[in-house]
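Here's the structure, in structure tokens; my notes come after.
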Amino acid sequence: MEQQEFLEKNVFVDLKNVNENFEADGIHYFSEADFETILQKCEYSGIGIYTIEAQLNGASFGISSHETHNKKATDPKWYKKAFFNFKKGESGMIYTATYKVSTKLLMR
């Protein structure tokens with residue numbers, strides 16, 4: 001199974017992709033509530049998150065990465081903190097992330 005297929009079947013299931021051009025660029029954006037669910041599923045499954053990007057009204061509000069926080073991509077402390085900081089900034093943002101699904105999870 002490919003990483004994107006795994007994410008769609010196991011992480012993004014029942015969540016709404018709010019990216020209007022998702023067919024074209026393949027990037028999934030989610031509301032604050034849905035993205036919080038994604039972070040919980042990633043933590044539970046041990047999926048790594050390399051970066052999180054927040055957008056407001058179609059413009060990038062900010063990007064945070066595990067490297068900036070000096071944490072491993074699979075350490076939920078960094079992405080929970082980054083998400084919390086974005087949420088404090090503005091309401092109504094949408095979120096995307098880059099993920100790393102281990103080969104072990106893909107083989108299930």
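Of note:
- Debye intensity ratio in log₁₀ form over the Cα atoms of the stretch 14-92, taken at each q of 0.11, 0.12 Å⁻¹: -0.28, -0.33
- Built amide H within the under 5 Å cut-off of Lys100, gap 5+: Gly48, Ile49, Tyr50
- For Glu32, the accessible area of its heavy atoms, probed at 1.4 Å with every protein chain present, is near 60 square angstrom.
- Within the accessible area of the stretch 36-108, the carbon and sulfur atoms contribute 51%, probe 1.4 Å, all protein chains present.
- Each residue, Lys87 and Asn57, gets one label point 7 Å from its Cα in the Cβ direction; the gap between the two is 2.4 nm.
- Candidate residues Phe86, Phe61: accessible-area rank, largest first, probe 1.4 Å: Phe61, Phe86
- Spacing of the modelled spin labels on Tyr44 and Asn21, each 7 Å from Cα toward Cβ, amounts to 3.3 nm.
- Backbone HN-Hα couplings from phi across the stretch 76-84 [Karplus 6.51/-1.76/1.60, Hz, Gly and Pro as x]: x, 4, 5, 6, 5, 5, 4, 5, 4
- A simple rule links phi to the HN-Hα coupling: the Karplus curve 6.51 cos²θ - 1.76 cosθ + 1.60 with θ = phi - 60°, which for the stretch 90-96 gives 8, 9, x, 7, 10, 10, 9 Hz, with x for Gly and Pro.
- Listed residue pairs exceeding 20 Å between alpha carbons, taken from Lys9/Lys71; Lys9/Lys80; Lys41/Lys80; Lys16/Lys71; Lys77/Lys104; Lys16/Lys72: Lys9/Lys71; Lys9/Lys80; Lys16/Lys71; Lys77/Lys104; Lys16/Lys72
The values are calculated or read from the model by the stated rules, or taken from the named source; none is laboratory data. Given the structure is predicted, the values throughout are model-derived calculations rather than measurements. Counting neighbours? That spans all protein chains shown, and the Cβs are built from the backbone with ideal geometry, glycine included. Side chains are part of the model used for accessible areas, which takes the heavy atoms of the whole protein and leaves out ligands, DNA and RNA. Shrake-Rupley method; radii C 1.70, N 1.55, O 1.52, S 1.80 Å.
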